[in-house]
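Enquirer: Take a look at the following structure, please.
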Amino acid sequence: MAIERRWISCREAGEYLNLSPKTVSDLCLSGKIPSAKIGGSRRVDFKALNERLEREAAGRGAGK
């Protein structure tokens, strides 16, 4: 059984979004990407990120 991770690093989120880790970190700090400070590093809430992307895509007509 595969375990789906909920929290990913800014580097991993950057690879997923095709953005630099610094850009992801800046977006996290501005509240545009859902994240939390866990230990000494910032982690992106992967599930909430995908939900937000889906809502935004649906609001734009999914590619129009």
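The values are calculated or read from the model by the stated rules, or taken from the named source; none is laboratory data. These numbers come from a predicted model, not from an experiment. Cβ sites come from the backbone with ideal geometry, for glycine too, and all protein chains shown count toward neighbours.
Enquirer: Is it the case that Gly61 is free of Cβ contacts under 8 Å to residues at least 40 places away in the same chain and under 11 Å from the mean Cα position of the chain (by Cα)? Lay out the reasoning, then the answer.
Expert: Numbers: free of Cβ contacts under 8 Å to residues at least 40 places away in the same chain: yes; under 11 Å from the mean Cα position of the chain (by Cα): no.
Taking the combined requirement at face value, the residue does not satisfy it.
Enquirer: OK, next. Please go through the stretch 19-43 and pick out each residue that is surrounded by 14 or more Cβ atoms within 10 Å (Cβ to Cβ) and part of a loop (DSSP other than H, G, I, E, B). Give the steps one after another, and end with the answer.
Expert: Here is the first cut: in the stretch 19-43, the residues surrounded by 14 or more Cβ atoms within 10 Å (Cβ to Cβ) are 19, 21, 23-28, 33-35, 42-43.
Leu19, Ile33, Pro34 - these are the residues of the stretch 19-43 that are surrounded by 14 or more Cβ atoms within 10 Å (Cβ to Cβ) and part of a loop (DSSP other than H, G, I, E, B).
Enquirer: Could I ask something else about it? Among the residues of the stretch 1-18, write down those that are surrounded by fewer than 18 Cβ atoms within 10 Å (Cβ to Cβ) and of a type in the set (A, V, I, L, M). Spell out how you get there, then give the answer.
Expert: Restricting attention to the stretch 1-18, the residues satisfying the condition of being surrounded by fewer than 18 Cβ atoms within 10 Å (Cβ to Cβ) are 1-7, 9, 11-12, 15-18.
The answer is Met1, Ala2, Ile3, Leu17.
Enquirer: Please indicate, with yes or no, whether at least one residue in the stretch 44-62 is assigned to a loop (DSSP other than H, G, I, E, B), modelled with pLDDT of 95 or more and either among the hydrophobic types (A, V, I, L, M, F, W, C) or loosely packed, with under 10 Cβ neighbours inside 10 Å (or both).
Expert: no
Enquirer: Could you say which residue among Leu17, Leu29 is among the aliphatic types (A, V, I, L, M) and touching a helix residue (DSSP H, G or I) at 6+ places or on another chain (Cβ under 8 Å)? Spell out the reasoning first.
Expert: Values: Leu29 fails: touching a helix residue (DSSP H, G or I) at 6+ places or on another chain (Cβ under 8 Å).
One residue alone meets the criteria, Leu17.
Enquirer: Consider only pairs whose beta carbons are under 8 Å apart and that are at least six residues apart or on different chains; among these, list those whose first residue lies in the stretch 23-41 and is in contact (Cβ under 8 Å) with a residue 12 or more places away in the chain and whose second residue is aliphatic (A, V, I, L, M) and assigned to a loop (DSSP other than H, G, I, E, B).
Expert: If the second residue must be aliphatic (A, V, I, L, M) and assigned to a loop (DSSP other than H, G, I, E, B), the pairs left are Val24/Ile33.
Enquirer: Follow-up. Hey, can you tell me all the residues within the stretch 8-58 that are among the polar types (S, T, N, Q) and within 10 Å of the chain's Cα centre (by Cα)?
Expert: Ser9, Ser25, Ser35, Asn50, listed by residue number.
Enquirer: In the stretch 9-18, is there at least one residue being part of a strand (DSSP E or B) and at pLDDT 95 or above?
Expert: Taking every residue of the stretch 9-18 in turn, at least one turns out to be part of a strand (DSSP E or B) and at pLDDT 95 or above.
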